[in-house]
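Heads up, the thing below is written out as structure tokens.
The values are calculated or read from the model by the stated rules, or taken from the named source; none is laboratory data. Being a predicted model, the structure only gives us computed values, none of them experimental. Don't worry about glycine lacking a Cβ; one is built from the backbone with ideal geometry, like all the others, and counts go over all protein chains shown. For the accessible areas, the whole protein counts, side chains as well, though only heavy atoms, and no ligand, DNA or RNA atoms are used. Shrake-Rupley method; radii C 1.70, N 1.55, O 1.52, S 1.80 Å.
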Amino acid sequence: MIPSGFEYHRPNSVQEAVALLAQLGEEARPLAGGHSLIPVMKTRLSAPEHLIDLAGVSGLKGIRQEPGHIVIGAMTTQYEISGSPLLAETLPILRETSLQIGDPQIRYLGTLGGNVANGDPGNDMPAVMMCLDAEYQLVGQSGQRGVRARDFYLGAYDTARQNGEILTEIRIPVPPRGHGYAYEKLKRKVGDYAVAAAAVILTMTNGKCTMASIGLTNVADTPLWAEAAAQALIGTGLDHAAIANAAAAAETITDPAADGRGPAEYRTKMAGMMVRRAIARAKSRAQN
Amino acid sequence: MSRVPVKMTINGRAVEALIEPRTLLIHFLREQAGLTGAHIGCDTSHCGACTVDLNAMSVKSCTVFAIQANGAEIVTIEGMAAADGTLHALQDGFRQMHGLQCGYCTPGMIMRAHSLLKENPNPSEDEIRIGISGNLCRCTGYQNIVKSIQYAAAKINGVPYQEAAE
Ligand SMILES: Cc1cc2nc3c(=O)[nH]c(=O)nc-3n(C[C@H](O)[C@H](O)[C@H](O)COP(=O)(O)OP(=O)(O)OC[C@H]3O[C@@H](n4cnc5c(N)ncnc54)[C@H](O)[C@@H]3O)c2cc1C
Ligand code: FES
Ligand code: FES
């Protein structure tokens, strides 16, 4: 399969990339790892006339710590995320999630920025970013703005990013030391998108849950932040009843498509199941 | 569309060409560089038959534009044997352990195993299976592919290969 023709641009700086996007307009698309974009270009579902390759743009790669935050450059790959000692210590849910994305070859090239900017409800990182209350830094010709992951996803392939903007970095508040976490993903095979998946972080103090947040993948036309489900856990000992309440609350906000991954009812139930498993595993990992 | 210059090192040899930006790396390797070892299996980024080494990372060359590899160091299956024809340990392993039947997946399997062993010279069976999870084989059932990679790891590490008890 051969994509339709395009012109290739390789800017060296964010300013240059943003200027190109502004100048070329609607027909220009940023290119990161290419592992969502190139497949749809090969089938010609997408035929941009210009690709702006971000690979040469300085400053878009890397993971750094700031007070209270971890900041990850948009061009940082899933492979780099899964291998980062800093993330293993501060945000282990990112390693757990990135290792469930695609396969090794895809993780070498696929980037965090591309995964969260893409807007496909099947992508795994967006629900995790909602769960963690991450903020996306967007740069356009008129300046820079931050948009919370929880406000970013408007519909399938429809996000708060404007055409002329580039996602430069993702800022993630570091959860308390000793927090419990899990990303549970049901998939048909390696390299498949989720039938349903759930991201959970929580903290336990003296046997009671004091903080919880839950995100859901691929069970609606956007990733979901399951606020009421997490609320059902606060103050409980994460006993059977509390977990069942959370799973039920999560199920009610889903609106999955019926497709090769199963009928809608099944996927809703599986979303509940992933929430149960993720809470149980997060609980087992949380330090009291 | 206008053509653009591209330059890369393939199996240690500098290659320069003028290409359309939409040229996929697999097409560039097979049709312009004359290296038909990497195969097109699925053409949809799933099977891994097109896997080559790009700057020491295994990539599916059906999902990379050749222009993205501008300046890169590429190794394909053709670059694995020594100049005198001596097989690479992985090639030898696949031969000794019967790691192929039709052979269609083999160049991709070997290139993937190559970067896996560079990162993890002594992988467990599980690590091998996870490591090659982006490569499909319709013939072997994978058992002998795992053994071939274990054989190659032992050979590279200079230790005798011991087949795990069934
Ligand atoms: C076989 C296969 C299996 C996969 N399985 C999974 C899976 O299980 N889970 C999963 O989450 N993903 C999966 N993916 C998708 C993969 O993770 C992609 O790498 C990812 O979705 C997109 O990242 P990218 O860097 O490749 O972006 P690209 O494909 O380059 O870009 C994706 C989109 O985002 C835009 N974009 C990229 N970067 C920026 C930026 N910095 N600023 C603004 N816009 C930007 C592009 O214009 C494009 O529209 C799979 C892909 C394949 C081929
Ligand atoms: S041909 Fe590239 S992954 Fe199948
Ligand atoms: S040997 Fe035939 S596909 Fe693997």
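Residues in chain A average 40 Å² of solvent-accessible surface per residue, probe 1.4 Å, ligands and nucleic acids excluded. Pairs exceeding a 28 Å alpha-carbon distance, out of A:K42/B:K118; A:K42/B:K7; A:K283/B:K147; A:K185/B:K147; A:K269/B:K60: A:K42/B:K118; A:K283/B:K147; A:K185/B:K147; A:K269/B:K60.
The aspartates and glutamates whose alpha-carbon is closer than 14 Å to the alpha-carbon of A:K187, local same-chain residues fewer than 8 away aside, are A:D103, A:D124, A:D259. Across the range A:2-13, coupling constants 3J(HN,Hα) worked out from phi with the 6.51/-1.76/1.60 Karplus curve, θ = phi - 60°, read 10, x, 6, x, 8, 9, 10, 10, 10, x, 9, 9 Hz, and Gly and Pro carry x. Between 0 and 90 degrees, the angle of helix A:240-253 with respect to the longest Cα principal axis of chain A falls at about 30 degrees. Rounded, prolate or oblate: pick one for the protein assembly as shown, where a ≥ b ≥ c are the square roots of the eigenvalues of its C-alpha gyration tensor, a/c under 1.5 means rounded, and failing that, prolate if a/b is larger than b/c, else oblate. Cα axes put the protein assembly as shown in the oblate bin. Structural descriptor for chain A: relative contact order 16 percent, calculated from alpha carbon pairs under 8 angstrom and at least 6 residues apart.
Could you give the angle, 0 to 90 degrees to the nearest 10, between helix A:14-24's Cα long axis and the longest principal axis of the Cα atoms of chain A? It is inclined by approximately 70 degrees.
Once the Cβ-Cβ distance of A:A88 and A:D151 is raised to the sixth power relative to R0 = 35 Å, the FRET efficiency obtained is 0.75.
To the nearest 10 degrees, how steep is helix A:264-285 against the longest Cα principal axis of chain A, on a 0 to 90 scale? Once rounded, the angle reads 70 degrees. Mean per-residue shielding of peptide B:60-72 is 5, counting Cβ atoms of other chains within 10 Å of each Cβ.
The range B:1-31 and the range A:30-98 have Cα centres spaced 25 Å apart.
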